[in-house]
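The values are calculated or read from the model by the stated rules, or taken from the named source; none is laboratory data. Being a predicted model, the structure only gives us computed values, none of them experimental. Cβ atoms come from the backbone with ideal geometry, glycine included; neighbour counts cover every protein chain shown. Accessible surface is based on the protein model in full, side chains and every heavy atom, while ligands, DNA and RNA are left aside. Shrake-Rupley method; radii C 1.70, N 1.55, O 1.52, S 1.80 Å.
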Amino acid sequence: MIDAIEPKEYSKRAVRLAVHSECGDRLVAIAKECGQLAHELMLYGRTMDELEQEIIATRLALLRAERDDIIRQYAEV
């Protein structure tokens, strides 16, 4: 089963700086992939076995961690 993930809170300034930096394209790609994976879980989650759900949950966690690392760099500016 997939556990709920605590949302991180960053200032609007940090997010804006990150999006408008050289990392902006990567942040957009991360958001798109997260949306696609979440959509897949919504549509097919009940028919997936636990391994498939865990693979998607792990990928989502990795993408969110990468996103947080990028934004965190700009929160410290």
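Collect the residues in region 62-76 that are among the acidic types (Asp, Glu), touching a helix residue (DSSP H, G or I) at 6+ places or on another chain (Cβ under 9 Å) and assigned to a helix (DSSP H, G or I), keeping them in residue-number order.
Within region 62-76, Glu66 is the sole residue that qualifies.
With (1) over 14 Å from the mean Cα position of the chain (by Cα); (2) modelled with pLDDT of 95 or more as the list, and Lys32 as the residue in question, which single condition is left unmet?
Against the list (1) over 14 Å from the mean Cα position of the chain (by Cα); (2) modelled with pLDDT of 95 or more, Lys32 comes up short only on (1).
Which one of the conditions (1) assigned to a helix (DSSP H, G or I); (2) open to solvent by 40 Å² or more (accessible area, probe 1.4 Å); (3) not hydrophobic (A, V, I, L, M, F, W, C) does Tyr10 fail to meet, given that it meets all the rest?
(1)
Restrict the check to region 21-36 and report whether at least one residue is touching a helix residue (DSSP H, G or I) at 6+ places or on another chain (Cβ under 9 Å), part of a loop (DSSP other than H, G, I, E, B) and open to solvent by 70 Å² or more (accessible area, probe 1.4 Å).
No, because not a single residue in region 21-36 is touching a helix residue (DSSP H, G or I) at 6+ places or on another chain (Cβ under 9 Å), part of a loop (DSSP other than H, G, I, E, B) and open to solvent by 70 Å² or more (accessible area, probe 1.4 Å).
Please determine, by comparing only the residues of region 46-61 that are assigned to a helix (DSSP H, G or I) and of a type in the set (D, E, K, R), which one is farthest from Glu33 (Cα to Cα).
So, considering only residues that are assigned to a helix (DSSP H, G or I) and of a type in the set (D, E, K, R), the one farthest from Glu33 (Cα to Cα) is Glu50.
Going through region 37-48 one residue at a time, which ones are exposed (fewer than 12 other Cβ atoms within 10 Å of the Cβ) and either of a type outside the set (A, V, I, L, M, F, W, C) or on the phi > 0 side of the Ramachandran plot (or both)?
Correct list: His39, Arg46, Thr47.
Pairs, please: C-beta under 7 Å, at least 6 apart or cross-chain, first residue within 10 Å of Ala75 (Cα to Cα) and in region 2-30, second part of a loop (DSSP other than H, G, I, E, B) and at pLDDT below 95?
Leu17/Val77
Got a number for residues in region 49-76 being open to solvent by 40 Å² or more (accessible area, probe 1.4 Å) and either in contact with a Gly (Cβ under 7 Å, 6 or more places away or on another chain) or not basic (Lys, Arg) (or both)?
The number of residues fulfilling the criteria is 15.
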